[in-house]
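What follows is a set of notes on a single structure, which appears directly below.
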Amino acid sequence: MVRVSEEWLNICGGCEVSILDIGEPLLDLLPQLQFVHMPVLMDHKYFGQTGEGTTMEIPEAEVGIITGGIRNEEERQIATEMRKRCDTLIALGSCACFGGIPALANQYVMEDLYETVYRASYTTEPSATPSEDLPPLTDRIYAVDEVVDVDAYLPGCPTSPDLIVEALTAVLEGKPFSLPERSVCDECPTTREKKAVTSVKRPLESIVPPGQSVESSRCLMELGYLCLGPVTKAGCGGHDKVPRCIRAGMPCRGCFGPIREGANPMVDMMGALSSIGLDPRSIPDRSATLQRYTGAHNRLRPLPSR
Ligand code: SF4
Ligand code: SF4
Ligand code: SF4
């Protein structure tokens, strides 16, 4: 029996839904797994049932799974405790791996964020920034591996249930788990004709018309839609292999992150855009658009004027 401990940090909960979405294969895995800690499913107080404890209590486990990046000091402490108590630690989802959508906030200085959320928002009565009984925010949003060592990464927003099964199966068999260094384009069935594009359009509905298969479509980027497939790691298609967004007739937005460690998707994508005749400066909000899921690791920083 392998003990599993799961924690959610700065998240939306979608990655937990992905775990539940595993469906029938989860039933095959369950006899070999014992979930000893999982806040989304079981109530477990960190400092004893009435808060009487002085040290954080997270049970020991062979496998630890963390979803979400780190936005406050409590989450930093939880990640540190998870690392101490789990033999193998998996970062699950783009938030845990690269900061994810919340790390778009790394483009702004903290005071501007407080001002927008608590005072300048049209739907909020202006008030002081709350501080009582709340853990202090960290200076920016961190990916999990900026705070503790991570053994395996399952990117995606959310990640694919098939990948969670693959990773858990690998752990149960004592094998390492990693995704190959391939791009979404490598698994995309559309046809590339290497024709130049003159402008970028915004997709508001499926680009592939009803009744037409994605396999018979031209590359969505060559049809004039920004697609981050060339600089994004493959793997979201699961057993089907066809990338999830492409299957739905929509361009890739980059949620599986860089193809390899040390890659710079923004620079690489600007090169890819130039190669089809597009001026990368024509992409609105370029830095955030090309690094929508990867704003931790100091990729997104406040601009000097902000
Ligand atoms: S990676 Fe996406 S689905 Fe998962 S917690 Fe973050 S925002 Fe939610
Ligand atoms: S750019 Fe997008 S649509 Fe074109 S081949 Fe790559 S993943 Fe497919
Ligand atoms: S196609 Fe791109 S954005 Fe869509 S799920 Fe796959 S990696 Fe994520």
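From ILE276, ILE259, grab the single residue that is β-branched (Val, Ile, Thr) and surrounded by 20 or more Cβ atoms within 10 Å (Cβ to Cβ). Walk me through how you get there before you give the answer.
Numbers: ILE276 fails: surrounded by 20 or more Cβ atoms within 10 Å (Cβ to Cβ).
Selected residue: ILE259, the only one of ILE276, ILE259 that is β-branched (Val, Ile, Thr) and surrounded by 20 or more Cβ atoms within 10 Å (Cβ to Cβ).
Looking only at residues in segment 159-178 that are among the acidic types (Asp, Glu) and in a helix (DSSP H, G or I), the one that is nearest to MET1 (Cα to Cα) is GLU166.
Mind checking whether some residue in segment 2-11 is assigned to a loop (DSSP other than H, G, I, E, B), surrounded by 12 or more Cβ atoms within 10 Å (Cβ to Cβ) and either out of contact with any Lys or Arg (no Cβ under 9 Å at 6 or more places or on another chain) or of a type in the set (D, E, K, R) (or both)?
Within segment 2-11, the subset assigned to a loop (DSSP other than H, G, I, E, B) is 9, 11.
Then keep just the ones that are surrounded by 12 or more Cβ atoms within 10 Å (Cβ to Cβ); that gives 9, 11.
So of that shortlist, the ones also either out of contact with any Lys or Arg (no Cβ under 9 Å at 6 or more places or on another chain) or of a type in the set (D, E, K, R) (or both) come out as 11.
For segment 2-11, residues assigned to a loop (DSSP other than H, G, I, E, B), surrounded by 12 or more Cβ atoms within 10 Å (Cβ to Cβ) and either out of contact with any Lys or Arg (no Cβ under 9 Å at 6 or more places or on another chain) or of a type in the set (D, E, K, R) (or both): present.
Sort through ASP87, ASP112, ASP145 and tell me the only one that's charged (D, E, K, R), outside any loop (DSSP other than H, G, I, E, B) and either within 15 Å of the chain's Cα centre (by Cα) or in the same structural domain as GLY295 (by TED's automatic domain parsing) (or both). Quick ask: steps written out before the conclusion?
Values: ASP87 fails: either within 15 Å of the chain's Cα centre (by Cα) or in the same structural domain as GLY295 (by TED's automatic domain parsing) (or both); ASP112 fails: either within 15 Å of the chain's Cα centre (by Cα) or in the same structural domain as GLY295 (by TED's automatic domain parsing) (or both).
Checking each option against the conditions leaves just ASP145.
Anything in segment 179-214 that is within 16 Å of ligand 3 (Cβ to nearest atom) and either assigned to a helix (DSSP H, G or I) or more than 30 Å from ARG281 (Cβ to Cβ) (or both)? List them, or say none. Answer for segment 179-214, where residues must be within 16 Å of ligand 3 (Cβ to nearest atom) and either assigned to a helix (DSSP H, G or I) or more than 30 Å from ARG281 (Cβ to Cβ) (or both): LEU179, PRO180, VAL184, CYS185, ASP186, GLU187, PRO189, VAL214.
Among the residues of segment 178-224, those that are without any contact (Cβ under 8 Å) to a residue 40 or more places away in the chain and crowded, with 18+ Cβ neighbours inside 10 Å comprise VAL214, SER217, CYS219, LEU220. I'm trying to understand the selection: among the residues of segment 95-134, which are over 30 Å from ALA152 (Cβ atoms) and among the polar types (S, T, N, Q)? Hits for segment 95-134 are THR116, SER121, THR123, THR124, SER127, THR129, SER131.
Would you confirm, using the coordinates I've provided, whether THR67 is within 16 Å of ligand 1 (Cβ to nearest atom) and of a type in the set (Ser, Thr, Tyr)? The answer is yes for THR67.
Could you list, in sequence order, all residues of segment 15-27 that are closer than 17 Å to GLU75 by Cβ and either in contact (Cβ under 8 Å) with a residue 60 or more places away in the chain or over 16 Å from the mean Cα position of the chain (by Cα) (or both)?
The one that is closer than 17 Å to GLU75 by Cβ and either in contact (Cβ under 8 Å) with a residue 60 or more places away in the chain or over 16 Å from the mean Cα position of the chain (by Cα) (or both): CYS15.
Taking the condition more than 21 Å from the chain's Cα centre (by Cα), buried (at least 22 other Cβ atoms within 10 Å of the Cβ) and either touching a residue at least 24 places away in the same chain (Cβ under 8 Å) or more than 24 Å from ALA96 (Cα to Cα) (or both), does MET269 pass? Here the answer is no, as MET269 does not meet what is asked.
Name the single residue that is farthest from ligand 2 (Cβ to nearest atom) among those in segment 64-83 being outside any helix (DSSP H, G or I) and crowded, with 18+ Cβ neighbours inside 10 Å. Of everything passing the filter in segment 64-83, GLY64 is farthest from ligand 2 (Cβ to nearest atom).
Of the candidates VAL208, VAL184, the single residue that is more than 16 Å from ligand 1 (Cβ to nearest atom), β-branched (Val, Ile, Thr) and within 18 Å of the chain's Cα centre (by Cα) is VAL184.
Checked against the criterion of being out of contact with any Leu (no Cβ under 6 Å at 6 or more places or on another chain) and outside any helix (DSSP H, G or I), the candidates GLY295, GLY262, GLY271, GLY254 yield just one match: GLY262.
Assess whether ARG140 counts as being among the basic types (Lys, Arg), crowded, with 17+ Cβ neighbours inside 10 Å, part of a strand (DSSP E or B) and touching a Leu at 6+ places or on another chain (Cβ under 9 Å). Taking the combined requirement at face value, the residue satisfies it. Inspection of segment 218-237 finds no residue satisfying the criterion of being more than 26 Å from ILE276 (Cα to Cα), at pLDDT below 95, assigned to a loop (DSSP other than H, G, I, E, B) and more than 16 Å from ligand 3 (Cβ to nearest atom). For segment 71-90, the set of residues classified as touching a Gly at 6+ places or on another chain (Cβ under 9 Å) and either at pLDDT below 95 or of a type outside the set (Asp, Glu) (or both) consists of MET82, ARG83, ARG85, CYS86, THR88, LEU89, ILE90, listed by residue number.
Residue pairs whose Cβ atoms lie under 7 Å apart, sitting 6 or more positions apart in sequence or on different chains, and linking a residue in segment 233-257 that is without any contact (Cβ under 8 Å) to a residue 60 or more places away in the chain and within 18 Å of TYR153 (Cβ to Cβ) to a partner that is of a type in the set (Ser, Thr, Tyr) and more than 10 Å from ligand 2 (Cβ to nearest atom), are GLY254/TYR293.
The values are calculated or read from the model by the stated rules, or taken from the named source; none is laboratory data. It should be emphasised that the depicted structure is a prediction, and the values quoted were computed from it without experimental measurement. Here the Cβ is made from the backbone with ideal geometry for all residues, glycine too, and neighbour counts use every protein chain on show.
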